[in-house]
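Quick notes on the structure that follows.
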């Protein structure tokens with residue numbers, strides 16, 4: 001579009017070839033004139049300013065300032081940031097498939113929930129995946145058996161049970177379910193979200209235990225190496 005407009009402006013500013021040859025002998029040549037189009041002049045000025053700006057940035061700016069100044073020039077790749085085959089389309093938007101909860105929830109179930117509850121379930125799914133992968137790499141995991149048992153019961157029984165109750169309310173009493181306070185100034189949707197938050201917190205505690213277990217092992221290895229390498 002810019003190239004076409006420049007050519008139009010240039011063509012409007014120049015006479016035809018025959019007229020130019022006819023008037024060449026009659027009209028004296030101008031003393032000095034700049035026939036460059038406004039767009040061409042602006043492009044030249046911008047190019048000169050960019051050279052000056054780049055020179056100033058390279059000489060007087062920090063690395064962060066240069067990065068921020070040049071960030072707008074970066075070209076994004078023409079592809080989505082995720083694989084759509086690994087995501088669910090919900091009424092709230094796209095959601096990653098909850099692979100750790102695949103036997104508990106599906107898009108239809110999630111669509112019936114408040115968006116806050118869906119967000120907490122997404123966090124639970126991510127933490128559960130991290131916990132299972134991490135715990136599989138720890139040889140002696142007996143110290144976490146009790147909490148692991150609790151988590152498994154919450155995931156396999158408590159979440160499906162709560163979802164089942166909420167689906168009944170949504171089906172048979174949707175208006176009261178959405179607007180009525182049922183307990184502790186919370187609606188049914190608030191209760192569901194709070195229940196998920198409790199499970200999310202329990203997963204945080206379990207991940208903290210795994211973290212501390214590995215930290216203790218690292219500290220033990222550090223003490224061993226330090227003792228073995230002491231200079232007499």
- When restricted to 217, 176, the only residue surrounded by 12 or more Cβ atoms within 10 Å (Cβ to Cβ), in contact with a helix residue (DSSP H, G or I) (Cβ under 9 Å, 6 or more places away or on another chain) and over 22 Å from residue 119 (Cα atoms) is 176
- Item | Given (1) at pLDDT below 60; (2) over 29 Å from the mean Cα position of the chain (by Cα); (3) part of a helix (DSSP H, G or I), number of the condition residue 36 does not satisfy | (3)
- Item | Test: residue in segment 102-117 that is in a helix (DSSP H, G or I), more than 19 Å from residue 90 (Cα to Cα) and in contact (Cβ under 8 Å) with a residue 12 or more places away in the chain | no
- Item | Among (1) out of contact with any helix residue (DSSP H, G or I) (no Cβ under 7 Å at 6 or more places or on another chain); (2) buried (at least 16 other Cβ atoms within 10 Å of the Cβ), the one test that residue 169 misses | (1)
- Query: Within the set of pairs 6 or more residues apart or between chains, which connect a residue that is outside the structural domain of residue 182 (by TED's automatic domain parsing) inside segment 141-165 to a residue that is surrounded by 12 or more Cβ atoms within 10 Å (Cβ to Cβ) and modelled with pLDDT under 95 with Cβ atoms less than 6 Å apart?
  - Reply: none
- Looking only at helices (runs of 4 or more DSSP H) that fall completely inside segment 127-232, which ones have 2 or more residues that are over 23 Å from residue 97 (Cα atoms) and under 28 Å from the mean Cα position of the chain (by Cα)? 188-228
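The values are calculated or read from the model by the stated rules, or taken from the named source; none is laboratory data. In this text, all values refer to a predicted model and were calculated from it rather than measured experimentally. Using ideal geometry, Cβ is built from the backbone for each residue, glycine included, and neighbour counts are taken over all protein chains shown.
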